[in-house]
Amino acid sequence: MIVPGPLLWLLVLSCIANFCVLLLYGYDKSQAVLSGRRISERTLLLTAVIAPFGALFGMVLFRHKTSTRKFILLVPVFIALHGMIIVLILIQG
């Protein structure tokens, strides 16, 4: 299946955003280990709203925020919402 122009750009932007969020979670984990300046949980959750797949992969890959209840509950909810949006876009498309 060839993705039409606007959808291709949306896919590319989504991949970039998810990769950036993955790096953000990795950076925060490294700062936690080094006792450095951390990224706030609020910022990490806000980025998870935008790019939840990167957030989940970062949580698993870096074992970061995996025991924090907010992240365990909200990141899968954000993924489900993104999944519903993707389905709606594909149905409309």
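Counting protein heavy atoms only, the chain has 74 percent of its accessible area on carbon and sulfur, 1.4 angstrom probe. Against the chain, whose longest principal axis comes from its Cα atoms, helix 69-92 is set at around 10 degrees.
Computed over the chain, the P(r) tail beyond 24 angstrom holds 26 percent of alpha carbon pairs. Here the 3J(HN,Hα) profile of region 54-65, calculated from phi with Karplus coefficients 6.51, -1.76 and 1.60 at θ = phi - 60°, is x, 5, 5, 5, x, 4, 6, 4, 9, 6, 10, 6 Hz, Gly and Pro shown as x. If you take the alpha carbon atoms of region 41-93 and fit the smallest convex hull around them, that volume is 65 Å³ per residue. Of the residues Phe53, Val75, Gln31, the one whose Cα sits farthest towards the positive end of the charge dipole of region 31-93 is Gln31 (charges of +1 on Lys and Arg Cβ, -1 on Asp and Glu Cβ, taken about the Cα centre).
Pairing the Cα long axis of helix 41-50 with the longest principal axis of the chain, what angle in degrees results, from 0 to 90 and rounded to the nearest 10? Result, in degrees: 10. Ligands, DNA and RNA are left out, and with a 1.4 angstrom probe the accessible area of region 9-93 is 68 Å² per residue.
Label zone (Ala32, point 7 Å along Cα-to-C-beta; backbone nitrogen cut-off 16 Å) within region 63-90: 63-76. Relative protection proxy for 53-59, 9-15, 75-81, from highest mean packing down: 53-59, 75-81, 9-15 (other beta-carbon atoms within 10 angstrom). Annotation: peptides 28-34, 43-49, ranked by per-residue average of other Cβ atoms within 10 Å with the highest first, follow the order 43-49, 28-34.
The values are calculated or read from the model by the stated rules, or taken from the named source; none is laboratory data. All values derive from a computational prediction rather than experimental measurement. Neighbour counts run over all protein chains shown; Cβ positions are idealised from the backbone, glycine included. Remember, those area values only see protein heavy atoms, side chains included, never the ligands or the DNA or RNA. Shrake-Rupley method; radii C 1.70, N 1.55, O 1.52, S 1.80 Å.
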